[in-house]
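Take a look at the structure below.
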């Protein structure tokens with residue numbers, strides 16, 4: 001790949017990471033992840 005293709009790949013990867021970060025840190029997703037962790041910690045074997 002040439003330099004411009006590398007740059008476009010990096011920009012796309014960073015944009016995807018930002019969107020993923022925003023989704024994960026949103027209120028609903030964060031609350032659901034906390035519930036999953038709490039249930040896992042309270043699970044009986």
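The values are calculated or read from the model by the stated rules, or taken from the named source; none is laboratory data. Predicted, not measured: the structure shown is a model, and the values here were computed from it. Here the Cβ positions follow ideal geometry from the backbone for every residue, glycine too, while neighbour counts run over all protein chains shown.
Looking at 31, 15, just one residue is assigned to a helix (DSSP H, G or I) and modelled with pLDDT of 95 or more, and that residue is 15. For region 1-12, name all the residues that are surrounded by fewer than 10 Cβ atoms within 10 Å (Cβ to Cβ) and assigned to a helix (DSSP H, G or I). Listed by number, the residues that qualify are 3, 4, 5.
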